[in-house]
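This report refers to the structure that appears directly beneath it.
The values are calculated or read from the model by the stated rules, or taken from the named source; none is laboratory data. Just so we're clear, the structure is a prediction, and the values are computed from it rather than from any experiment. Cβ: placed from backbone, ideal geometry, glycine included. Neighbour counts: every protein chain shown.
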Amino acid sequence: MNKIVVTGGLGFIGSNLIDLLIKNGFFVINIDKISYASNFYNTLDFKNSENYKFLKLNINNRNGLLKIFKKYRPIGIFNLAAETHVDRSIDSPEQFINSNILGTFNLLEAFKKFSKKNKKSKLIHISTDEVYGDILKGRTKENYPYSPSSPYAASKASSDHIVLSYIKTFGIKAVITNCSNNYGPKQHPEKLIPKMIYNIINNKPLTVYGDGKNSREWIYVKDHCEALIKVFKYGKIGETYNIGSNKNLNNVEICKNLLKTAKKNIKIGKKVKIKFIKDRPGHDKRYALDSSKLIKKLKWKPKTKFSDGINNTFIWYLNNRKYYKSLNKKDINMRLGKI
């Protein structure tokens with residue numbers, strides 16, 4: 001059976017990807033350092049699978065990674081281990097440098113050694129649309145210049161450049177993906193949609209930064225994961241692929257969609273209203289990807305309508321309230337990203 005390594009597999013996208021990989025017949029080794037955003041609740045669906053193995057390890061542990069690679073000889077490595085929350089990057093940028101830049105460097109060094117004797121193994125480096133910065137008009141293709149605004153986006157931009165340099169200089173087999181905002185089950189409630197769902201369920205106001213008109217492109221996490229597997233199987237080495245839905249919504253529109261969905265499923269409390277709060281520093285107005293390369297070259301397209309995806313997401317959190325209880329309340333309620 002072909003083996004795959006997923007780094008950061010206790011997180012949101014990583015755990016959803018592992019679930020899909022196992023269903024596609026792969027044996028998956030999940031490497032995670034276990035941070036605040038890691039959650040074993042995310043692995044409940046597959047933790048007892050004979051095709052799954054969890055290993056606690058920080059990707060900065062280069063020798064530890066190399067030992068794992070040599071032992072399991074994976075044909076693919078999906079690098080999702082990263083600090084991802086913009087507000088936290090404003091408060092503690094050093095953590096993002098350590099995880100996103102140095103972590104990627106150490107992973108690349110381990111993979112470079114491993115791949116000398118395992119030439120068929122391939123690395124998929126998962127990145128973000130935030131590396132392109134504020135896109136007020138149009139949609140960004142893969143060759144669009146990087147212009148990150150936050151320490152988070154800058155750290156991911158740096159990691160992308162490091163991966164590209166290892167492809168060009170050392171000839172490693174790697175592909176980079178840049179994805180838009182994900183939503184769906186198992187996402188930490190520091191992010192907008194699960195945070196708003198938590199507030200709706202707990203009769204709290206829906207706090208929105210600034211005027212709420214910041215626009216993001218939203219993709220259902222399963223669609224993203226299917227794209228990643230497609231890139232792994234058919235993506236061209238050294239290429240970058242944008243992954244998006246072509247569906248933009250601003251934060252107010254997200255809240256209104258959630259309220260509409262919630263009203264179909266539960267009784268809404270009196271305190272559940274949109275409340276505007278002070279904006280965060282360096283808050284980009286709009287991100288938007290052009291994913292036509294992936295759609296045309298690899299014959300992928302997103303399958304999930306936003307109305308269906310947001311309904312599935314709300315129902316999951318409603319039926320999995322223990323998920324919220326498994327988290328530190330400070331990580332849910334505390335306002336971050338102030339200067």
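For N203, indicate whether it is touching a Gly at 6+ places or on another chain (Cβ under 8 Å) and either surrounded by fewer than 21 Cβ atoms within 10 Å (Cβ to Cβ) or under 21 Å from R286 (Cβ atoms) (or both).
So N203 passes the test.
Among K116, K120, K70, which is farther than 14 Å from K33 by Cα, surrounded by fewer than 17 Cβ atoms within 10 Å (Cβ to Cβ) and either among the hydroxyl-bearing types (S, T, Y) or without any contact (Cβ under 8 Å) to a residue 40 or more places away in the chain (or both)?
K116
List pairs: first in segment 1-29 and closer than 15 Å to N48 by Cα, second of a type in the set (K, R) and surrounded by 24 or more Cβ atoms within 10 Å (Cβ to Cβ), Cβ under 6 Å, 6+ apart or cross-chain?
Within 6 Å, the pairs are S15/K186.
For a quick check of your reading: which helices (runs of 4 or more DSSP H) sit entirely within segment 157-274 and have at least 1 residues that are under 15 Å from the mean Cα position of the chain (by Cα) and within 30 Å of V28 (Cα to Cα)?
Those helices (runs of 4 or more DSSP H) span 192-201, 221-234.
Exactly one condition in (1) within 29 Å of L298 (Cα to Cα); (2) out of contact with any Phe, Trp or Tyr (no Cβ under 7 Å at 6 or more places or on another chain) is not met by K264; state its number.
Every listed condition holds for K264 apart from (1).
Can you find a residue that is charged (D, E, K, R), at pLDDT below 95, farther than 21 Å from L66 by Cα and assigned to a helix (DSSP H, G or I) anywhere in segment 91-101?
Checking segment 91-101: at least one residue is charged (D, E, K, R), at pLDDT below 95, farther than 21 Å from L66 by Cα and assigned to a helix (DSSP H, G or I).
Take the conditions at pLDDT 95 or above, hydroxyl-bearing (S, T, Y) and assigned to a strand (DSSP E or B) and apply them to S127. Does it pass?
yes
Checking A154 against (1) under 21 Å from the mean Cα position of the chain (by Cα); (2) in contact (Cβ under 8 Å) with a residue 60 or more places away in the chain; (3) crowded, with 21+ Cβ neighbours inside 10 Å, which test does it fail?
(2)
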